[in-house]
Structure formats: structure tokens, C-alpha cells
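The values are calculated or read from the model by the stated rules, or taken from the named source; none is laboratory data. What you are looking at is a predicted structure, and each value in this text was computed from that prediction instead of being measured. In this analysis, Cβ positions are derived from the backbone assuming ideal geometry, glycine residues included, and neighbour counts consider all displayed protein chains. Remember, those area values only see protein heavy atoms, side chains included, never the ligands or the DNA or RNA. Shrake-Rupley method; radii C 1.70, N 1.55, O 1.52, S 1.80 Å.
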Amino acid sequence: MQRLLLAGVLVFYVATGLVPGARKVWSAKGARDYATYHYAVQEAVAGGDPYDTAALGRRAQAEGTRRGVHPYFYPPPFLATMLWAAPFSLATGYRLFFVLNQLLLGATVWATRRWLGTGWLPVVAAAATLTPVADSNVMGQANVMVLLFVVLGLSRRDGKPLGLAAMLKMSPALYLAHWVAGRRWASVAMAVGVAVVTSLAVLPLVGLDHQWRFYTEILPGFGSGEYHGLRVPITLPGNHSIPDLFNQLWPGPDAHHLAPAARVGAQVVSLGLLGALGLVSWRAQRPAAAGGPRGGDALQDALLLGAFTVLLTLTPVYTYEHHLTMLFVPGAALFAALAQGRLGPRWWLVVGPVWFFVAWKLLWLRNVQDWLPPAHWLLQESKFFGAVALGVACVVASRRAVPATAAPPETREAQEARMAAHLARIQAEQQARQAEKHREKQAHQQSLFPVDIRARGPAAAPGPGPATGEE
């Protein structure tokens, strides 16, 4: 049955994602979002400023591919991952990147399966049915690459891959809050070190002045919606972010900036949720007993990290459809918990509908909006509310998905009784060893003196001498 289901989800991905996506990529002329990466790396290789949007546009116009491109606003080390594309044309690079993303997706599924200790079906189902993954690949986005580094870092508690992920897109740095709560200082330090080292390593490609511009001018503008001159409005119906909800409540001065009230409201909510998740994370990772191992196993840890994934996905001002690719982490963790029997069958009544609204195609959503005009706004925000419900489910499941072999947590009295019994056992063993040594010593002495002097009794009186025949 599992093989049949596995084949079914693979067919679903091929039919709804891979084949239609390949057709769009091979027939496209402007290369969608990939064009920004393509011309940014070409500008950097030529010694220019990759953050100069006008320069990127001039390159596109000179090649006759586009009238302009979206601004490049990624961390400097990101360009190193795109150096392979410099020799190719825009169309060829776009197609190669689409193929590369399929390979990266396969590697992500493989690494996630090892992390969660589960079969193929849960992780393949999460990747195949999450339609934003296919959307990301068609758009020419790098979300799957980021996702792979995230999974590699979180599964091993290794700061190196996670530091690389944060230097491709800044949002994965939020995972460090989970490690800080668990006092995993070595992993945190390694992630920060990798961020610094990679920034220095790409100085020949992105000069110090250009890097300074990114960290002091471009990055600080993200909180207000000023994404380096991005012309896409915040009110885009496909925006699924927390700031977008506040922008609907308190509209900004224009379509690209948040009002002060909306900005503060979104920051308060995001920081409050981060603090709450940090507290839950601290409680989940503290030692089960004095000197004992930290609580939870890999799957429970992944469920909690799934909640962090939801938060880092919804916190930026812009959360487009392709950004929801990151929700593969909570989806795979919940599916694995269900497949392993960690969660009861009733959980399907929660996870199933929630995952549907997170994963369904944006085109299907818009068709349903046309059929149900009174529910237009609820359907528009269905992916946002679905993601929130997914995060809540991960937090609750992380506390309930206890392994079947795990013992219930000990009370303080039980811990004290166990320690007292352990000390008594050690003392009895010491006494037994001392008694054994004493017996061995006595045996050794008896082997040296076989006749016990104390057992001889009093000395015998001298008897008459031998008869000699003399008078």
C-alpha cells in the first residue's frame, strides 16, 4: 500500500509540477526571477556593483531579453553559488537552474529522511504535494538550495550549513534562537563564523564598498517594505505575511512602504511569537534530570523547528508563494510523526485540512474565489492561516509525539529514590570487594604456614632417654 501511495504522490508531482514547470521554463523568454541572479553575477564578475539595478537592466536590454529586472537584494556570498551561470546565456542558465533545483530537491528529501528516521513516503509526500516548491523552481528562485542547507544544518546541529543558508537568504538565521535556547553555543558560534568567513571570501567578487552598502542601506530597509526599490506592491494578493495583514489594517503611504503603526504592530507580534517559541524551545531542550541527556529525540526536535520555520517564513514583509517552500520542514515532520504512530489517527483531521490550505496551488485558490465571492478574503488569506495552524500543530505535536520506548518523566521523589538506591548499590559493592580481599589475604597466609601454631596446644614434657643397658 505504501508503494502505491508513494507512486501516487510522485505522479502528482510530475503531472502538476515537473512537466508543466519544464514547459514554462523552456518556453519563457524573460527567465522570471532568475534573471536577477543571472545579471547580478555577470555584473559582479565584470567588476561592477551587483546591487546597481540600473546596471542589471542595461545588461538585459543589451541582450534584448528584458526591459528591466527586479533589484538584487541578497547577501553578498549568495553570488558565489551562481558563478557557474556566468558563461551561459539567460535562457540556458534558466533551464540549467531548473534542472539543478530538481536535483537539490531530491537531495533535500534524502537528507530529511535520514534526519527524521522515517520511510520515503512522508518526506516525498510533503515535497511532492507542496505546490509552492514547483512554483519556486519555475520562478527560478533559490529556495530549494536554501532548504537543503537548512536541513543539513538542523539535522546535524551543525552551524556550517546553517550559516551558509543564512548567507543565501537572511531568514534562516532565526533558527539560531532554537540553538541559543538549548545552549548549543558551539553550533551558534560556527554559524556566525561561517557568515563572517564567507563574506570575506567573496570580497574579490563583491567588493567591500558594495558589501557595506548591502548591510547598511539595503538590509535595514527590509523592515519598512523598502526592498531596494522592488516595485511589487505589499498588497499583492499572493503575499502571505504578518506585515501584510497589518498593512491591510493600517495602509501605508504607498504600495511599497508600511505605515508606522503597521510596522510596529508586525514587529511586536513577530518578536512576541519568537519569545514564546524560545521559551517552549528552552523547556523542551533542558536536561530531563540532573546530569542527564537533553529531552526529546530528532523527530520531536524537528517538529519544534517546524514551528520556527513557519515564523521565519511569515515574518518578512513579503512572503510570496515560492517562499512557502520552506514549509516543507514542518510538513515532513508532521507526516513522519503520523507515519510512525507517534500521533493518533485523529491528528489526520487536523494535519490534512491544514496542509491542504498551505499546499494547494494558487491558481486553484483563485478559481475557488471566483466561485465563492463572499469568501474571497478568507480564501485570499487561507495560506496564511493554514501556515499559522501548521506552526501551532508542530508545537503541540512536539510535546505529544513521544517515542513508544521512551520512559515517562521522573518526579523529584523518584529521582532521589533512584539516586539513593544507586549509592547503596555502590556501597554494597565496595563492602563485598573488601570482604573478598580479606578472604584472599587469609588464604595466602595459610598457604605459607600450613600448621596453625595456635592449634598445637602446650609443649610436651621431656620423656626418659633411650635404654643403654647401663646401671
Test of understanding: among Gly229, Gly238, Gly223, which residue is open to solvent by less than 10 Å² (accessible area, probe 1.4 Å) and either more than 28 Å from Leu327 (Cα to Cα) or modelled with pLDDT under 95 (or both)? Gly238
Within the range 163-185, considering residues that are farther than 20 Å from Leu324 by Cα and in a loop (DSSP other than H, G, I, E, B), the one least open to solvent (accessible area, probe 1.4 Å): Gly182
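What is the residue count in the range 76-99 for residues that are farther than 19 Å from Ser136 by Cα and either among the polar types (S, T, N, Q) or crowded, with 16+ Cβ neighbours inside 10 Å (or both)? It would help to see each step written out before you state the result.
At the first step, the residues of the range 76-99 found to be farther than 19 Å from Ser136 by Cα are 76-77, 80, 83-84, 86-89.
Pick out the ones that are also either among the polar types (S, T, N, Q) or crowded, with 16+ Cβ neighbours inside 10 Å (or both) and you get 76-77, 80, 89.
Here the count works out to 4.
Are any residues in the range 30-52 among the hydroxyl-bearing types (Ser, Thr, Tyr) and closer than 16 Å to Leu203 by Cβ, and if so, which ones?
Looking only at the range 30-52, we keep the residues that are among the hydroxyl-bearing types (Ser, Thr, Tyr), and these are 34, 36-37, 39, 51.
Once the filter is applied, which keeps residues that are among the hydroxyl-bearing types (Ser, Thr, Tyr) and closer than 16 Å to Leu203 by Cβ, the range 30-52 yields only Tyr51.
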When you go through (1) open to solvent by less than 60 Å² (accessible area, probe 1.4 Å); (2) part of a loop (DSSP other than H, G, I, E, B); (3) at pLDDT 95 or above one by one for Asp244, which number turns out not to apply? (2)
Count - residues of the range 88-120 that are within 12 Å of Ala333 (Cα to Cα), part of a helix (DSSP H, G or I) and in contact (Cβ under 8 Å) with a residue 60 or more places away in the chain: 3
Select from the range 278-299 the residues that are within 22 Å of Leu338 (Cβ to Cβ) and modelled with pLDDT under 65 and list them in ascending order. Gly295, Gly296
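Against the condition surrounded by fewer than 17 Cβ atoms within 10 Å (Cβ to Cβ), modelled with pLDDT under 95 and out of contact with any Lys or Arg (no Cβ under 8 Å at 6 or more places or on another chain), how does Gly68 come out, does it pass? Outline the logic, then answer.
Numbers: surrounded by fewer than 17 Cβ atoms within 10 Å (Cβ to Cβ): yes; modelled with pLDDT under 95: yes; out of contact with any Lys or Arg (no Cβ under 8 Å at 6 or more places or on another chain): yes.
Yes; evaluated as a whole, the condition is true for this residue.
State all residues of the range 142-162 that are open to solvent by less than 10 Å² (accessible area, probe 1.4 Å), part of a helix (DSSP H, G or I) and among the hydrophobic types (A, V, I, L, M, F, W, C); if no residue qualifies, say none.
Going residue by residue through the range 142-162, those that are open to solvent by less than 10 Å² (accessible area, probe 1.4 Å) are 142-144, 146-147, 150-151, 153-154, 159, 162.
If we keep only those that are part of a helix (DSSP H, G or I) too, we end up with 143-144, 146-147, 150-151, 153-154, 159, 162.
Val144, Val146, Leu147, Val150, Val151, Leu154, Leu162 - these are the residues of the range 142-162 that are open to solvent by less than 10 Å² (accessible area, probe 1.4 Å), part of a helix (DSSP H, G or I) and among the hydrophobic types (A, V, I, L, M, F, W, C).
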Taking the range 338-364 as the search range and keeping residues that are of a type in the set (A, V, I, L, M) and over 18 Å from Ala128 (Cα atoms), which one is least open to solvent (accessible area, probe 1.4 Å)? Leu343
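Of these, Leu305, Leu324, Leu314, Leu299, which one is more than 25 Å from Trp120 (Cα to Cα) and in contact (Cβ under 8 Å) with a residue 60 or more places away in the chain?
Values: Leu305 fails: more than 25 Å from Trp120 (Cα to Cα); Leu324 fails: more than 25 Å from Trp120 (Cα to Cα); Leu299 fails: more than 25 Å from Trp120 (Cα to Cα).
The match here is Leu314.
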I'm trying to understand the selection: among the residues of the range 266-285, which are open to solvent by less than 50 Å² (accessible area, probe 1.4 Å) and within 14 Å of Leu314 (Cα to Cα)? Ala266, Ser270, Gly272, Leu274
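State all residues of the range 38-87 that are among the hydroxyl-bearing types (Ser, Thr, Tyr) and outside any helix (DSSP H, G or I); if no residue qualifies, say none.
Here is the first cut: in the range 38-87, the residues among the hydroxyl-bearing types (Ser, Thr, Tyr) are 39, 51, 53, 65, 72, 74, 81.
Answer for the range 38-87, where residues must be among the hydroxyl-bearing types (Ser, Thr, Tyr) and outside any helix (DSSP H, G or I): Tyr51, Thr65, Tyr72, Tyr74.
For the range 100-121, which residues satisfy the criterion of being open to solvent by 50 Å² or more (accessible area, probe 1.4 Å) and either in contact with a His (Cβ under 8 Å, 6 or more places away or on another chain) or farther than 17 Å from Leu10 by Cα (or both)? Explain how you work it out, then say what you get.
Step one: of the range 100-121, the residues open to solvent by 50 Å² or more (accessible area, probe 1.4 Å) are 100, 103, 110, 113-114, 117, 120.
Once the filter is applied, which keeps residues that are open to solvent by 50 Å² or more (accessible area, probe 1.4 Å) and either in contact with a His (Cβ under 8 Å, 6 or more places away or on another chain) or farther than 17 Å from Leu10 by Cα (or both), the range 100-121 yields Leu100, Arg114, Gly117.
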From the set of residues in the range 194-209 that are assigned to a loop (DSSP other than H, G, I, E, B) and surrounded by 12 or more Cβ atoms within 10 Å (Cβ to Cβ), which is farthest from the chain's Cα centre (by Cα)? Gly207
Residues of the range 1-39 being surrounded by fewer than 13 Cβ atoms within 10 Å (Cβ to Cβ), at pLDDT 95 or above and among the charged types (D, E, K, R), in sequence order, are Arg23
